[in-house]
Structure formats: structure tokens, C-alpha cells
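The values are calculated or read from the model by the stated rules, or taken from the named source; none is laboratory data. Every value quoted in this text rests on a predicted model; they were computed, and no experiment measured them. Don't worry about glycine lacking a Cβ; one is built from the backbone with ideal geometry, like all the others, and counts go over all protein chains shown. The area values use the complete protein model at the heavy-atom level, side chains included, leaving out ligands, DNA and RNA. Shrake-Rupley method; radii C 1.70, N 1.55, O 1.52, S 1.80 Å.
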Amino acid sequence: MYRRTFLAGLSGLAVAGPVAAQMKHDMGGMSGGHGQHAMPATDANPVLPEGQPLKALPRLSNRSAVPGLFQAELVAEPGVVRFAEGLDTPVLLYNGSTPVIEANEGDKIEIRFRNGIPGEPTTIHWHGMPVPADQDGNPTDPVASGSERLYAFNLPEGSAAPYWFHPHPHGLTAEQVYRGLAGIFLVKPKDDPIPPEYGDTILLLSDLRIAADGTMPESTMADLMNGRVGDHVLVNGQKNPAMAVGLGEKRRLRLFNATNARFLRLRFENASVTVVGTDGGLIEAPVAVDELLLTPAERVELIVSFDKPGAARLTTLDYERGWMGPDKPAEAGMVLLTANVADQAVAAIPPLPARLRAIETLGNPVVTRRFVLTESMGGMDHGDMAMNGMDHSGMSMSSSGMDMRFLINGASFDMNRVDEVSRVGQVELWEIVNEADMDHPFHVHGTQFQITEHEKDGNISPPAYRAWKDTVNVAAGETVRILLRQDLPGPRMYHCHILEHEQLGMMGTVDVQA
Ligand SMILES: [Cu+2]
């Protein structure tokens, strides 16, 4: 109750610290979209068309004729998209779209990048990719507005996976991403065990909020607190697009959660789903599932079998992630994609192999690190509040007003501070301890890790299957243990991938020494 009253009264309060920097102006209002936000209704919420044929994201063409070399140009700049009939929405895009880069293990990559965003620095972070630290778009390496640079790196053997890329400038990441900057980086293996008859369909999930005039409202206090959740979850920029499939067809679908803060608990109605890959590529053996949770920045590769004629819908289920304050968006029952399955059966297609690949075990860790995630409101963290006889849903106002921070080991991100020092090649155990009220999807730059266990309320459970991951959801009150090894030297970020939380301090730097 405290929280509800507290947040309802937020707009009248003085705003201090990093929050102030984020808040440009008071709340925008929406209704009638996917998630119902009971914000003060200032504008009608434009209706987006549904059921249009699914469009494939455009491929970025390789300018090089040299085998094993991929060369291309990327420009980040403003654009306009018509999401709703008759309404232009100003956005930010790479090369006027959400491009897909496709390359092979072993390739050398050279991307000439130009920042065409007026007045804002930016970077390109190659999310999940094992690239050199100075090529990874760290906030410490901004590209100024109007400037350009070359991103160059190699794709090692074994790095085949569905990566993505997005901006990572200090203080602007959340905004540049929700305004549209994202792309896909698909690294293909030399030998792919998935039958080519299944095709290969990329589904980039993004989140949109637009006002009656088509513009994207600035983020509100609730957005900073919970991460910005829009009104429409789009697939490749479309609302509930349609794909036509034959009866009995199997399709390879690669799902990318490129939203700032959407927790997508998904199921496919009238179709059966098998997981074959995660952030870091294929898992060892196919795993049939009824539903799955895809949190911000995570990816999953599915084989979907369309064994029933009629509509098969990718829908959402409710998920409790510890929403702060009033107006948790209704997340259940959204239809993200519709597959129209024909009555006519297709010719028999090859089965999915029982073994996909081997995943190396990382061995015993030589170092253990502990990362405690907390939230601090009004300059007080949990400990302080408890000490003052307040449960964490009670807030008090420091003299300078509301100050919201998201912390790792009690510290807020500082670009000039190294928080941990590690070594190239050493195996480490990281314990991510979430003492906060909200789930936080934890991401590590520069490598892929393996989850070893989940612990909650004294119960320890292993992961459902061994997988390479670069982002793992750590639920409120949960501890997740991961094994990782960095193979390249340099400073690497680790942070919550609710982009507003990263921006409000939930990020640190580990310096990996050679
Ligand atoms: Cu977070």
C-alpha cells in the first residue's frame, strides 16, 4: 500500500540524483495497446494493424569479395516509421532498419560505423560476442555525434550463436534502444546439425509506446523504476504478424528479446516447441517445453512443429517479476505472432537429431566472486530502511527529494572505477545474489557462461540443461551461480539488462588482465 501511494504521488516530488538526469518531463499517457497502463489518459493510443505477413529483417550485405572477410558500413541515425495508420513515429535506426549481419565462424569482421545521431554520443556493443574489449562498444569508448570508427574483430571457432548489437553509451543506452537501435548478428557454424528444411526465421521482439501524435513519449518515473514497458510488443517491427506454414512443418525460429524491460513468458498454442539453442548457440540435445521465459536481452532457438491445422499463436503468460508501484501492465494474453497452418500436409521432413553438439565443461573455478543486487530509494538501501524500522515498501524523502539507485555490492556504476580484477583464462564462479524486490536479468560482456545452480529459500536446483548464456534472470530473492572464463584481456561490463537499471547504477567493471 505504501508503494502504491508513494508512486501515485511521485509526480509532485522533487527528483534528485541519476533519476533527475533521466527524467526529461512528466508522464505521457496511453490506453488501448497491448499492456494496459492506467497512466493519466492524455492521448488516445493509436491502434496498430495486426495480421500482416511477417517480414524478414533486411540482411546487411558483405562488401568484401575476399573469402572469410565481412566488410560493411553501419550508420545510426534518425528515421521515421509508420507503425500506426497515418502516423509517423520518429525513431533511431541502423541503416534505416533493424539489420541482420550474417557471418561464419572463423570470419574476420570489419564494420565501419558512423554516428549520425544529432547531439548524442553512441557506441555499438556486440552483445554476447567474444570480441576484444576495445571493439565491444563499452561506455568508455563513445563515438561522438558526426564521428565514425572501425569495429574489427574475428569470429573464433565454436562461436556460432544468435547474437545482437545495440548502443551502450553512458546515460543514453535505455533511450537509444527504446527509440529503435538494435540489430542481429548471426554467426553460423561450419556444420549445422539442424535440418535446412526447417528454414531459419529470425524474430526480433521489441517494445513500443507511442502517443496519439505518433511520437514516443519520454520515460516516466515508473519506467525508470521498473524499466520501460511499452504498449505493443512487436515482432520484426510488426504487431502480431502472420506466417503461413504447411501441416506437419517444422520451423526453426530464433527469438531475440530486444526490449528494455519486458519479461516474456511465452507459449505456442496448437504447436509443439523444442528448445535447441540459447544465447551462446546450440545446446547439447533438444529439450521439449510447454512454455519458456525470455527476459530482456536473452535469445532462444526453437524448433516449432505445426501438427494441427488452423491458427497456432505465440502468446504470453503472466509473470511476476516484482513490479514496483501501481499499474503493473497486464502481460498475459498478448498474441505476438500467428502461424496459419494449412490443411494440406507437407511431405515428410527429416527429424531433429538427438545430439546437437558437445558443450565443454569449464572445470573447477580458481576464484569465487559475489555480486549482491540491491535497490536504494530515497538514499536508503534495504539495510538502512530495516535499521529505521521500515520495510522496503516504505519510503522517506531525503532533503533533496527522491533518489532511486540500483546497486551491485552497494555501489553505483562509476565509469572511472574498476570493481573487480580478473585474469585471462582463469575459470571463475560468480554468485549473483538478488536481495532486491525485482528480478534482474544479469549480463556479462565479452564471453559466454554456464549456469551451475539456482538457489531460493534454501532450495538449490541445477539448470534444466547445460547451455552457453550471456544473460541470466536472477529472480527477486534468488541466487544464481555461474561459471565463466574470459579469453580476452581488457575492461568488461557486467550489469542488469533492464536498461533503465543499468543506467541508474546497476553495472560494474571487471578488468581482465593478460
Ligand atoms: Cu535490473
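Considered as a group, the residues in segment 392-418 that are modelled with pLDDT under 70 and in contact with a helix residue (DSSP H, G or I) (Cβ under 7 Å, 6 or more places away or on another chain) include one that is nearest to Gly171 (Cα to Cα), and that residue is Met402.
Filtering segment 243-281 to residues that are open to solvent by 20 Å² or more (accessible area, probe 1.4 Å) and either basic (Lys, Arg) or not in a loop (DSSP other than H, G, I, E, B) (or both) leaves Ala244, Leu247, Glu249, Lys250, Arg251, Arg265, Arg267, Ser272, Thr274.
When we screen Arg466, Arg492, Arg405 for residues that are farther than 16 Å from Val367 by Cα, among the basic types (Lys, Arg) and in contact with a Ser or Thr (Cβ under 6 Å, 6 or more places away or on another chain), the only hit is Arg405.
Residues in segment 282-321 that are assigned to a loop (DSSP other than H, G, I, E, B) and not basic (Lys, Arg): Asp290, Glu291, Thr295, Pro296, Ala297, Glu298, Asp307, Pro309, Asp318, Tyr319, Glu320. Could you say whether any residue in segment 469-479 is away from the ligand (no atom under 13 Å from the Cβ), open to solvent by 10 Å² or more (accessible area, probe 1.4 Å) and within 18 Å of the chain's Cα centre (by Cα)? The answer is yes; a qualifying residue exists.
Residues checked against (1) in contact with a helix residue (DSSP H, G or I) (Cβ under 9 Å, 6 or more places away or on another chain); (2) within 14 Å of the ligand (Cβ to nearest atom); (3) open to solvent by 10 Å² or more (accessible area, probe 1.4 Å); (4) at pLDDT 95 or above:
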site: Val424; (1), (2), (3), (4): no, no, yes, yes
site: Asn434; (1), (2), (3), (4): no, yes, no, yes
site: Asp439; (1), (2), (3), (4): no, yes, no, yes
site: Phe449; (1), (2), (3), (4): no, no, no, yes
site: Ile460; (1), (2), (3), (4): no, no, yes, yes
site: Asp487; (1), (2), (3), (4): no, no, yes, yes
site: His501; (1), (2), (3), (4): yes, yes, no, yes
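The set of residues in segment 503-514 that are crowded, with 20+ Cβ neighbours inside 10 Å, among the hydrophobic types (A, V, I, L, M, F, W, C) and away from the ligand (no atom under 16 Å from the Cβ) comprises Val510, Val512.
Suppose we filter Pro309, Pro286 for residues that are closer than 18 Å to Leu255 by Cα and in contact with a strand residue (DSSP E or B) (Cβ under 6 Å, 6 or more places away or on another chain); which single one remains? Exactly one residue qualifies, and that residue is Pro286.
Within segment 91-116, the set of residues being farther than 15 Å from Phe165 by Cβ, open to solvent by less than 70 Å² (accessible area, probe 1.4 Å) and either among the polar types (S, T, N, Q) or not in a loop (DSSP other than H, G, I, E, B) (or both) comprises Val91 only.
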